[in-house]
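To start, the structure itself, in structure tokens.
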There are 2 protein chains.
Amino acid sequence: MDNAVYIQSGGPTSVINSSFYGVILQFQKEEKINHLYGAKYGISGLINEQLIEISKEKDYSYLTKLPGAILGSARIKLTCSCEAIEKILVNIKKYSIKYLFINGGNDSMDTGMILNKVFKERNIDCVAVGIIKTIDNDLYQTDFTPGFASAVNYIVRSIMEISFDIRSYQSGRVTIIETMGRDTGWLCASSSIANEYNLGPDLIYVPEIIFNEKKFIQDVEKVYKKKGHVLICVSEALRDENGNYIFCDDFNLDSFGHKQLGSVGLSLCKLVKNKLHYSTRHVEFNLMQRCSSHISNKNDIKWAKLCGINAVKFALKKQSGVVVIKIKNHKFCYRLVDFEEVANKVKKMPREF
Amino acid sequence: MDNAVYIQSGGPTSVINSSFYGVILQFQKEEKINHLYGAKYGISGLINEQLIEISKEKDYSYLTKLPGAILGSARIKLTCSCEAIEKILVNIKKYSIKYLFINGGNDSMDTGMILNKVFKERNIDCVAVGIIKTIDNDLYQTDFTPGFASAVNYIVRSIMEISFDIRSYQSGRVTIIETMGRDTGWLCASSSIANEYNLGPDLIYVPEIIFNEKKFIQDVEKVYKKKGHVLICVSEALRDENGNYIFCDDFNLDSFGHKQLGSVGLSLCKLVKNKLHYSTRHVEFNLMQRCSSHISNKNDIKWAKLCGINAVKFALKKQSGVVVIKIKNHKFCYRLVDFEEVANKVKKMPREF
């Protein structure tokens, strides 16, 4: 009996369930896999034996329409020798798991890397295959990441609509829109696509560029004096010249040691109000940018699904690693790279962007 | 020469430009109106002679797709004897305006009422017709208001998607979603439509119900202990037993004397964190709920357009007043009521809702 388990991990996207659907589609085609289990609440489902069996015949296409991580997700940090690993190995054996799929971002690929290492070290007949997802687009070795295009759809469309709204008033204000993106500005910078229609932000601030308060105030004043209103797009995190996060007086650490950030947009509004006395408004795209499946990118759904399909194909060839997307001669290729090349790494935006 | 002027007023909606389109469509059909002017930035366009001529032939159907107030809006309070009135009357004469259309909410109908009164008192051959709009649905004498249904579309759809997102994690948090609605809870309460799909809020707080802090904390604790996470929907304003706004330390008054509110959602999150030590998240639907035209309700666009069309028809019969929508025997009727019955009044939600 050769079985498989599929795990959702990290923050949800609008299309992570489409990757799940891809895995299911290929599982339903392949005679080599007898049973496919979905782990409830990420890796903890495999630790605590909370596994849902997926039907070999049922139509799961509705998954492509659902946001969130339908199986449930988790943020749990594993080490090679932890107690959780032993529990996982018990269940891998108990359920005859020969193929393990983990769908997540760079932290989740760390989990995949550790599991893969343990399987090899202990001669366990199971391959781990990672399936990338993140709205942040910050994964290495892939030309882009499923989840990103749908978030960009939401951001660009919403900024264009907000532009129409804020232009309704003559005596304008400074509107500061905050996007996700803790370490990278891909999402925030994508707002500039709206400028092709003259409906985008006047100023963009990303974590890759050191934030200079004096320069910021000068920039805002300059645009306001020219146009009467300013539209700013900012990433949820900004850094000073020493690389420290700014505007986060009130943060905690999550289980991966990442700082939980305060509201950069609100802090910048206060700054503008104090220094320039302009009227301000703070808009946060918050959860909507990663869950607005009503405006998902259709190609993004397709790419996510194909990552899932290809993960199963690689696994059946007993190949482990992470499925990434490469664009070569205008064609999309799904390649497998080592976990080490993706795990815990952050792909920053190049300066020329 | 018989000409007309059309004015957009107050906060924009996703469909106010559809009412403008309705006015244009009927103007293009009617031989009695020679020229139609759009006032730039609300009533101030008529005061300062900033008028845009609308073509008798051109296709303006793209207006039904654009959010914001395309001509520009304003919040200016008129009195019968103010200097602005005299400037308006000069331009009414100069441009041979016989029909004045003002598209707005209860404050804007106050402007329409005053203009209509002045026209009658001074024997000026001009009728004023109001065209209702507001996402708040708080206007008297109408069964509902164009703009509301599209905002509801955004709110309900987004809450359902957020529900999927927050259910991704086992160790949940208290998510507080803030909708617009300063005096009435129509928008906030509409979120309960999502409960038909089991994806709506667990708790709803509206301005019509006195906010009781102790009861609030008890309610949140009860749901959290049962479900592990809580989804709350709250209006941007709440009141204590004396009718005073709460959670607004930092407000100003706008030109109509309305308080500019602070962030209720953020204040409630702090309250939950202090009293119950639960993890919280604050989501504000902000401008998106009134400008997300990509998810506008198609019927709402139609109703808005028909309000514009009917306004022109009434005006040509020399009838002044406000065009409202009545539902009789499952049919929609567009009626004219006196400005006094709509201006400055707020239709609160009945208790039984």
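What does the net charge come to around A:SER44 if you take all other residues with beta carbon closer than 11 Å to its beta carbon, with K and R at +1 and D and E at -1? That sum, taken over residues with Cβ under 11 Å, equals +2.
Phi angles of region A:305-314 translate, via the Karplus equation with coefficients 6.51, -1.76, 1.60 and θ = phi - 60°, into HN-Hα couplings of 4, 5, 4, x, 4, 5, 4, 5, 4, 4 Hz per residue; Gly and Pro are given as x.
To the nearest 10 degrees, how steep is helix B:213-227 against the longest Cα principal axis of chain B, on a 0 to 90 scale? The answer is roughly 60 degrees. Note that chain A presents 42 Å² accessible area per residue, ligands and nucleic acids not counted, probe 1.4 Å. Inter-chain neighbour count for B:276-286: the average number of beta-carbon atoms from partner chains within 10 Å of each residue's beta-carbon is 3.
Once B and A are treated as a pair rather than alone, how much accessible area drops out, both sides summed, in Å² to 100, probe 1.4 Å?
3500
If you sort the three axes of the alpha carbon gyration tensor as a ≥ b ≥ c, you get a/c of 1.5 or more for region B:149-244 and a/b no higher than b/c, which makes it oblate. For chain A, the longest principal axis of the alpha carbon atoms and the long axis of helix A:148-166 meet at an angle near 20°. Phi-derived couplings, Karplus 6.51 cos²θ - 1.76 cosθ + 1.60 at θ = phi - 60°, listed residue by residue for region A:111-124: 4, x, 4, 5, 4, 4, 5, 4, 4, 5, 4, 9, 6, 8 Hz, with x used for Gly and Pro. May I ask for the net charge around A:ASP202, where only other residues with Cβ less than 13 Å from the Cβ of A:ASP202 are counted and Lys, Arg are +1 while Asp, Glu are -1? Around A:ASP202, the surrounding residues sum to +4. Using the Cβ-Cβ distance between A:GLU352 and B:ALA84 with R0 set to 41 Å, the FRET efficiency works out to roughly 0.20. Once C-alpha pairs closer than 8 Å and six or more residues apart are averaged by separation and normalised to the residue number of chain A, the relative contact order reads 24 percent. Counting charges near A:GLU284 (Lys, Arg +1; Asp, Glu -1) among other residues having Cβ under 9 Å from its Cβ returns a value of -3.
Overall, the anisotropy analysis places the protein assembly as shown in the prolate class: the square-rooted eigenvalues a ≥ b ≥ c of its C-alpha gyration tensor yield a/c not less than 1.5, with a/b exceeding b/c.
Taking the label point 7 Å along Cα→Cβ, B:TYR60 and its counterparts in the other copies are spaced 5.2 nm apart, in ascending order. Distances between placed amide hydrogens fall under 5 Å for A:HIS282 paired with A:ILE176, all partners being 5 or more residues away or on another chain. Pull out a ≥ b ≥ c, the square roots of the eigenvalues of the alpha-carbon gyration tensor of chain B, then state rounded if a/c is under 1.5, prolate if not and a/b is larger than b/c, and oblate in the remaining case. The shape class here is prolate. For A:SER73, the residues whose modelled amide H falls within less than 5 Å of its own, excluding neighbours fewer than 5 places apart on the same chain, are A:TYR41, A:GLY42, B:TYR169, B:GLN170. Across identical copies of the chain, A:LYS345 has label-point separations of 6.8 nm, listed in ascending order, with the point defined 7 angstrom from Cα along Cα→Cβ. Calculate how steeply helix A:83-94 sits against the longest principal axis of the alpha-carbon atoms of chain A, using the helix alpha-carbon long axis, and give the answer as 0 to 90 degrees to the nearest 10. Approximately 50 degrees, to the nearest ten.
Looking at region A:119-174, the trypsin sites (Lys or Arg not before Pro) that sit in a DSSP loop and have at most 16 other Cβ atoms within 10 Å of their own Cβ are A:ARG122. Over chain A, DSSP H runs of length four or greater, each weighted -39,500 (n - 2.57), average out per residue to a 222 nm ellipticity of -11000 deg cm²/dmol.
What the phi angles of region B:232-245 give under the Karplus curve with 6.51, -1.76 and 1.60, with θ = phi - 60°, is a coupling list of 10, 10, 9, 6, 5, 9, 10, 10, 8, 5, 8, x, 7, 5 Hz, glycine and proline written as x. Here the accessible area is traced with a 1.4 Å probe on the protein chains. For the protein assembly as shown, carbon and sulfur cover 48 percent of it.
Assuming charge only on the beta carbon of Lys and Arg (+1) and of Asp and Glu (-1), the dipole of region B:122-248 about its Cα centre is about 420 debye to the nearest 20.
So which GluC sites (Glu not before Pro) in region A:56-108 pass both tests, a DSSP loop state and at most 11 other Cβ atoms within 10 Å of the Cβ?
The qualifying sites are A:GLU57.
Distances between equivalent label points of B:THR79 across the copies, with each point positioned 7 Å along Cα→Cβ, amount to 7.5 nm, shortest listed first.
Taking trypsin sites (Lys or Arg not before Pro) across region B:1-106, the ones in a DSSP loop with at most 15 further Cβ atoms lying within 10 angstrom of their Cβ are B:LYS32, B:LYS56, B:LYS58, B:LYS77. Legend: residues in region A:47-78 shielded by at least 40 square angstrom of accessible surface upon adding the remaining protein chains to the isolated chain (1.4 Å probe, heavy atoms) are A:PRO67. Close amide H pairs (under 5 Å, H built 1.01 Å from N) link A:VAL230 with A:ARG173, A:VAL174, A:THR175, residues at least 5 positions away or on another chain.
The values are calculated or read from the model by the stated rules, or taken from the named source; none is laboratory data. Remember, predicted model here, so these are calculated numbers, not experimental data. With ideal geometry, Cβ positions are generated from the backbone for all residues, glycine too; neighbour counts draw on all protein chains shown. Protein only, heavy atoms only, side chains kept; ligands, DNA and RNA dropped before computing areas. Shrake-Rupley method; radii C 1.70, N 1.55, O 1.52, S 1.80 Å.
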